[in-house]
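What follows is one structure encoded as structure tokens, with my remarks underneath.
What follows is calculated from the coordinates using simple rules that are stated; it is not laboratory data. Just so it is clear, the structure is predicted and the values come from calculations on it, not from any experiment. In this analysis, Cβ positions are derived from the backbone assuming ideal geometry, glycine residues included, and neighbour counts consider all displayed protein chains.
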Amino acid sequence: MGLRFLADQCVPSVVIETLRDVGYEIWYLRDHLPIESPDMVVIAKAQELRAILISMNGDFAHIFNYPPANYQGIVALQVRNHPEVLPQVISRLKDYLSDNPDVEHYKGKLFLVEVHRIRIRQ
């Protein structure tokens with residue numbers, strides 16, 4: 001099985017379309033849940049779909065609230081109120097996914113995708 005993602009409602013469509021264009025399976029949250037769904041419902045849906053959650057919601061980056069070991073993987077895009085860095089963040093994510101295509105690599109980990117690096121928390 002290839003990498004598949006559930007994009008939280010805060011993820012811009014450019015991220016979703018870019019990942020689809022390079023062949024990843026990625027769903028919009030709104031295709032599965034109401035967009036105002038609580039975070040716990042969102043991450044539970046990602047688990048049900050056996051998908052990596054991709055979000056810009058800082059809540060999912062808190063390992064005490066969402067321990068990475070409990071999930072298929074969480075990708076937190078770190079834009080921090082600077083939308084102009086989004087293209088670099090997308091590029092960094094795309095390169096990382098290409099270099100690490102095995103779904104097992106993502107299980108139980110939180111990936112904090114920044115302009116100049118990706119931090120991994122377990």
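Report relative contact order for the chain in percent, whole number only (criteria: Cα-Cα under 8 Å, sequence separation at least 6). With pairs under 8 Å counted, the relative contact order is 25 percent. Taking amide H as placed 1.01 Å from N in the peptide plane, the amide H of E25 sits under 5 Å from that of F5, each at least 5 places away or on another chain.
Among DSSP beta bridges lying fully in the range 4-121, give the percent that are antiparallel, nearest 5.
On the way: 4 of 18 bridges.
Here the antiparallel bridges make up roughly 20 percent for the range 4-121.
Is the range 1-99 rounded, prolate or oblate when judged by the Cα gyration tensor, a ≥ b ≥ c being the square roots of its eigenvalues, rounded requiring a/c under 1.5 and prolate requiring a/b larger than b/c? Because its axes are fairly even, with a/c under 1.5, the range 1-99 counts as rounded.
Ordering L112, S13, G23 by Cα displacement along the dipole of the range 4-121 toward the positive end leaves L112 in first place; charges were set at the Cβ atoms of Lys, Arg (+1) and Asp, Glu (-1).
Which Cα, out of Q47, N65, H32, lies furthest along the positive dipole direction of the range 4-121 (beta carbon charges, K/R +1, D/E -1)? Final value for the positive-end residue is N65.
Summing +1 for each Lys or Arg and -1 for each Asp or Glu among the other residues whose beta-carbon sits under 12 angstrom from that of Q72 gives +3. Assign one of three labels to the range 47-122, namely rounded, prolate or oblate, based on the Cα gyration tensor with a ≥ b ≥ c the square roots of its eigenvalues; rounded applies when a/c is under 1.5, prolate when it is not and a/b is larger than b/c, and oblate otherwise. It comes out oblate by the Cα gyration axes. Estimated from helical segments only, the mean residue ellipticity of the chain at 222 nm is -8000 deg cm²/dmol, where each DSSP H run of four or more residues counts as -39500 (n - 2.57). Compare D39, D31, D59 in a GNM of the chain, Cα atoms joined below 10 Å, and give the one with the largest fluctuation. Ranking D39, D31, D59 by mean-square fluctuation puts D31 first.
Given Cβ point charges of +1 (Lys, Arg) and -1 (Asp, Glu) and nothing else, what value in debye, to the nearest 20, does the dipole of the chain about its Cα centre take? Spell out each step's value before the answer.
Working: 13 positive and 15 negative charges, 57 e Å.
With Lys and Arg at +1 and Asp and Glu at -1, about 280 debye.
Couplings 3J(HN,Hα) of the range 36-51, computed from phi: 8, 4, x, 3, 5, 6, 4, 6, 5, 5, 4, 5, 4, 7, 6, 10 Hz, in residue order, whole Hz [Karplus 6.51 cos²θ - 1.76 cosθ + 1.60, θ = phi - 60°; x for Gly and Pro].
With Cα atoms defining each centre, the range 8-37 and the range 91-119 are spaced 17 Å apart in the structure.
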